[in-house]
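Here's the structure, in structure tokens; my notes come after.
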Amino acid sequence: MAFSDLGKKLRGLLKDTAWIFKRAKKPDRESYYTIVKLSLLIIFVLGSYSLIFSFLGYALTSRSSLLVVPYPENIIIIVTIVIIIIAALAYLLVTTRSIGKGR
């Protein structure tokens, strides 16, 4: 009895998948770039949160004082990464502002 239910579910899944592939169409260039921009925006936002929380975790768990900068090269690298992330987020936000608005 369990095998027949599994077979029905599998056939239904395959039927639905075939229907989706029949109905789907290739996106045009503008839609494709919109999807890419939104995906990059999501990746940058999640990466920014990850970077912020990792820095906070390091700052809260390190035993040295936060006022002492042991390696100034690391600070330069961190600031550069943060500036690049902010610039990329700003660019993506500006270029995706018109998404969803009537053209």
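One residue alone among Gly7, Gly12, Gly47, Gly57 is assigned to a helix (DSSP H, G or I), at pLDDT below 80 and not aliphatic (A, V, I, L, M), and that residue is Gly57.
Taking the stated definitions as given, is Ile20 surrounded by 10 or more Cβ atoms within 10 Å (Cβ to Cβ), among the β-branched types (Val, Ile, Thr), modelled with pLDDT of 75 or more and part of a helix (DSSP H, G or I)? No, not satisfied.
The values are calculated or read from the model by the stated rules, or taken from the named source; none is laboratory data. Please read these numbers as outputs of a predicted model, since none were measured by experiment. Positions of Cβ are generated from backbone atoms using ideal geometry, with glycine treated the same way; all protein chains shown enter the neighbour counts.
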